[in-house]
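Notes to accompany the following structure.
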Amino acid sequence: MLMFREARRMFLRLAWQVLAAAAFGPVAQAQTPPAPPSPSYGPPISLEAAVKVAEAGEAEAKARRVAVTIAIVDSGGNLVLEHRMDGASLASVDTAPAKAKSAVMWQRPTSSWASVAAGSPAPLSLPHVIVSAGGELIVSGGRIVGAIGIGGSLPNEGDIAKMAASSLK
């Protein structure tokens, strides 16, 4: 009888915690300020401009003494260029374009998903969501022309992507 009462007490405590989270969780999330509006989509990045962005990314990676894969997609999420530096991991050939596509499809850097996913894991089930730094929008004339994805060096991917994306003026 004692075990039954203890089990019932634990069950009721857990039930109250679940109910409280369900009732008050959305209120806490609703107080989070909305993200600033993203620039609108512009014309697709040209191959010439993509090469310049990739060259800036490679130069930054070399300065940091890391080997990465660099992927550039256009404003529609289509791959324009992919460049794997000597020594970059094989997996980075898949992660770099995925990060670029995630950034352009959701009009936000991939690093911004970490704070969203911390509040709720639900966004992780959406298509093209990558919760890792290394995907950045390429903006020209105030409009999104593409995105860059960097893979192969987790501690450096975000910084390399930001620097390379900002190289296109």
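A few points about this structure:
- Within region 70-96, being assigned to a strand (DSSP E or B) and among the charged types (D, E, K, R) holds for D74, E82, R84.
- Residue in region 72-86 that is within 17 Å of K162 (Cβ to Cβ) and touching a Pro at 6+ places or on another chain (Cβ under 6 Å) present: no
- Restricting D94, D74 to residues that are assigned by TED's automatic domain parsing to the domain that holds G146 and touching a residue at least 60 places away in the same chain (Cβ under 8 Å) narrows the list to D74.
- Residue within region 153-167 that is small (G, A, S) and free of Cβ contacts under 8 Å to residues at least 60 places away in the same chain present: yes
- Just one of the listed residues (A118, A161) is in contact with an Asp or Glu (Cβ under 9 Å, 6 or more places away or on another chain) and either of a type in the set (G, A, S) or not in a helix (DSSP H, G or I) (or both), namely A161.
- In region 96-123, of all residues being crowded, with 23+ Cβ neighbours inside 10 Å and over 17 Å from S166 (Cα atoms), the one that is nearest to the chain's Cα centre (by Cα) corresponds to S102.
- Count of residues meeting criterion [farther than 22 Å from I144 by Cβ, at pLDDT 50 or above and outside the structural domain of D159 (by TED's automatic domain parsing)] in region 27-58: 0
The values are calculated or read from the model by the stated rules, or taken from the named source; none is laboratory data. Computed from a prediction, not measured in an experiment: that's the story for all the values here. In this analysis, Cβ positions are derived from the backbone assuming ideal geometry, glycine residues included, and neighbour counts consider all displayed protein chains.
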